[in-house]
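Have a look at the structure below before the remarks.
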Amino acid sequence: MPNKLIIFDYSGTLSIEAAAFSRPDNLMRYLQRSGLFALGVDSAALFWSIVDATWSKGSTTRLGYKTVLQERIGELFPEQAVVHQPEISRSVANFVDAYLDHSGIDEHWRPILKKLSRDKSVEVIIATDHYAEATAAIIKYLGEWDIPAMPLNAPGENNIAVVNSADIGLHKVSQQFWQTVKNALRQNYQRVLLIDDFGQNEQQGDAYSDPMKINERSQMTVKMLHTVFEADVESISFVVQDEHAGGLIAETSAIINQFLLSGGT
């Protein structure tokens, strides 16, 4: 039975590009390519105001990114919504699909994830505050590397599970989120390792990247994990300092290997 638990964050940690997608130059490019720019979503500031207004609903329900984005655009541009509904639907789908296409797992993570998928001493959770579409996308990306994964409550023998706030109805800052994870795993762990950027790799236009919120989120998460799992908790703050994450992933993978070798029986 596994006696260790490893928790990976997704956007900004396993998927560096998921955060990089929203850099101002990229964001404007995809707003234009998708057709949203022509429909009125013609600035980064407006886009982020839409995300901020819909984030809570979009990330704690199974409505999905496409649905909440389309609804909000309809509220902002009611005349457009009446006359150009098919164009809005198509443009929203184009934008969200492009975002998910650019939200793959960094190739440098492949060796350690492959190793973890074969190690029966450890359970792996990919925990993310995300839209509903992300669960299937993450499982698909892992499957492309022949790494089996499943949603948290799906039956199976895999030791990798995807836990999405949209599926649970709660964000990771909620203790109930982690209690739900523990209840589903039905296992006691001696040690927990958390790998998370805590929002530090998000784009500056995103409210999620506010420095005060990052520090608060980090401390709260470690405290909650210790309380819920009643285990020693080690945290790795995964902060990419430049455009090349390979070295940082290699260093993190080495820490993971040490974690697997040490502590517990």
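The values are calculated or read from the model by the stated rules, or taken from the named source; none is laboratory data. All figures in this text were calculated on a predicted structure; none of them were measured in a lab. When we count neighbours, we look across all protein chains shown, and the Cβ atoms used for this are built from the backbone with ideal geometry, even at glycine. Keep in mind that these areas ignore ligands, DNA and RNA; they rest on the heavy atoms of the full protein, side chains included. Shrake-Rupley method; radii C 1.70, N 1.55, O 1.52, S 1.80 Å.
Backbone N atoms of segment 42-61 closer than 19 Å to the 7 Å Cα→Cβ label point of Arg29 belong to residues 42-45, 47-48. To the nearest ten degrees, helix 85-101 and the longest principal axis of the Cα atoms of the chain are 30 degrees apart.
Once backbone amide H atoms are built at 1.01 Å from N, Asp232 has Val192 as its partners under 5 Å, excluding neighbours fewer than 5 places away on the same chain. Principal-axis analysis of the Cα atoms of the chain puts helix 175-185 at an angle of about 60° to the longest axis. Protection proxy ranking of 6-12, 82-88, by the mean of other Cβ atoms within 10 Å over each peptide's residues and highest first, is 6-12, 82-88.
Which pairs, out of Lys115/Lys172; Lys120/Lys182; Lys114/Lys223; Lys57/Lys223; Lys115/Lys213; Lys57/Lys172, put more than 23 Å between their alpha-carbon atoms?
The answer is Lys115/Lys172; Lys114/Lys223; Lys57/Lys223; Lys115/Lys213.
For segment 1-116, the share of alpha carbon pairs falling in successive 10 Å distance bins from zero is 12, 39, 28, 13, 6, 1 percent. Relative to the Cα centre, the charge distribution of segment 1-95, modelled as +1 at Lys and Arg Cβ and -1 at Asp and Glu Cβ, gives a dipole magnitude of about 340 debye. Per residue, the chain exposes 46 Å² of solvent-accessible protein surface, assessed with a 1.4 angstrom probe and all protein chains in place. Ranked by solvent-accessible area (1.4 Å probe, protein heavy atoms only, all chains present), the residues Lys213, Lys182 order from largest to smallest as Lys213, Lys182.
Expressed as a whole percent, how much of the Cα-Cα distance distribution for the chain exceeds 31 Å?
Result for the distance tail: 25 percent.
Computing Rg and the Kirkwood Rh from the Cα coordinates of segment 110-196 gives a ratio, Rg/Rh, of 0.93.
Pairwise inverse Cα distances across segment 63-106, averaged and inverted, put the Kirkwood hydrodynamic radius at 11.0 Å.
Shown for segment 23-143: the carbon plus sulfur share of the solvent-accessible area, taken with all protein chains present and a 1.4 angstrom probe, equals 55%. A 1.4 Å probe, protein heavy atoms only, puts the accessible area of Tyr141 near 30 Å². Other residues whose C-beta falls under 10 angstrom from the C-beta of Met1 contribute a net charge of 0, scoring Lys and Arg +1 and Asp and Glu -1.
The simple spin-label model puts a point 7 Å past each Cα toward its Cβ; for Glu107 and Met220 those points are separated by 3.8 nm.
Rounded to the nearest 20, the size of the Cβ-charge dipole of the chain about its Cα centre is 720 debye, with Lys and Arg at +1 and Asp and Glu at -1.
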